[in-house]
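Enquirer: Following this message is one structure expressed as structure tokens.
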Amino acid sequence: MGTYAYFFLATPDELGRAFVGWRRPLPQRAERQRAQPFSGRPITVLCWLPGPADAPAPAPFPAADLASRVGYFPTASFKNLDPLSLGELVAIALGDEAWCERIVDGSLPPPLVRPDEGDRGALCELPTAFLATVAAWTADDVARVADAWGQVALCDWSPEDHVDVLTELRALAGRGLREGKRLYYWM
């Protein structure tokens, strides 16, 4: 059994309509008090979620509905693609190691935050430069990036799987450019 990661295309307006109850993040992460999950002791965490003073939290909807909501959009889904491996792919594609760190450490602001879990649950908007770069890849580029990514990614995929994933992602990115949509990742 594994976890599925979804890449999907949407405009910011479409994203807001599909993720009803999710809210816009704070401009910068803020310190919040939470209970430590195991001990129950109060801890301070950095969070993108607006607090009660920032905006009232709407009622959340069940997580089971999220996969069906993402399915309303042009989508590519892959099993066992974790945020670290995604960060490595973005870093390789853009030639910028900082992208890997930003995706993994939570410093990349999410487009929307889940009202019931703060900034947990990976929903991120991938950079426009990534969308354009992936859409422009040739078959040779896909093979080269798949080889580089396969050396650092934590996915338990074969080299052919990496090529297949990137080929599908390239098609989705091309459609995103043609339709003027943004590329999002949700896991």
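Enquirer: Can you tell me which of Pro50, Pro110, Pro60 is assigned to a loop (DSSP other than H, G, I, E, B), of a type outside the set (D, E, K, R), surrounded by 12 or more Cβ atoms within 10 Å (Cβ to Cβ) and modelled with pLDDT of 80 or more?
Expert: None of the other options fit; the residue is Pro110.
Enquirer: Can you confirm whether Ala173 is farther than 16 Å from Phe73 by Cα and among the small types (Gly, Ala, Ser)?
Expert: Spelling it out, it is not the case that Ala173 is farther than 16 Å from Phe73 by Cα and among the small types (Gly, Ala, Ser).
Enquirer: Search region 149-170 for residues being loosely packed, with under 14 Cβ neighbours inside 10 Å and in contact (Cβ under 8 Å) with a residue 60 or more places away in the chain, and hand back the single one that is nearest to Asp82 (Cα to Cα).
Expert: Of everything passing the filter in region 149-170, Leu154 is nearest to Asp82 (Cα to Cα).
Enquirer: Related question: List the number of the failed condition for Ala153; all other conditions in (1) at pLDDT below 85; (2) touching an Asp or Glu at 6+ places or on another chain (Cβ under 6 Å); (3) under 19 Å from Arg24 (Cα atoms) hold.
Expert: That leaves (3) as the condition not met.
Enquirer: Please go through region 1-24 and pick out each residue that is in a loop (DSSP other than H, G, I, E, B), over 14 Å from Trp186 (Cβ atoms) and touching a Leu at 6+ places or on another chain (Cβ under 7 Å).
Expert: Selection gives Arg24 alone.
Enquirer: Sticking with this one: In region 149-187, what count of residues is obtained for those that are assigned to a helix (DSSP H, G or I) and among the polar types (S, T, N, Q)?
Expert: Count: 2.
Enquirer: Kindly evaluate Ile92 against the criterion of being surrounded by 16 or more Cβ atoms within 10 Å (Cβ to Cβ), in a helix (DSSP H, G or I) and modelled with pLDDT under 80.
Expert: Spelling it out, it is not the case that Ile92 is surrounded by 16 or more Cβ atoms within 10 Å (Cβ to Cβ), in a helix (DSSP H, G or I) and modelled with pLDDT under 80.
Enquirer: Residue under question is Ala146, and the condition is that it be surrounded by 15 or more Cβ atoms within 10 Å (Cβ to Cβ), assigned to a helix (DSSP H, G or I) and free of Cβ contacts under 8 Å to residues at least 40 places away in the same chain; does it hold?
Expert: yes
The values are calculated or read from the model by the stated rules, or taken from the named source; none is laboratory data. Remember, predicted model here, so these are calculated numbers, not experimental data. Positions of Cβ are generated from backbone atoms using ideal geometry, with glycine treated the same way; all protein chains shown enter the neighbour counts.
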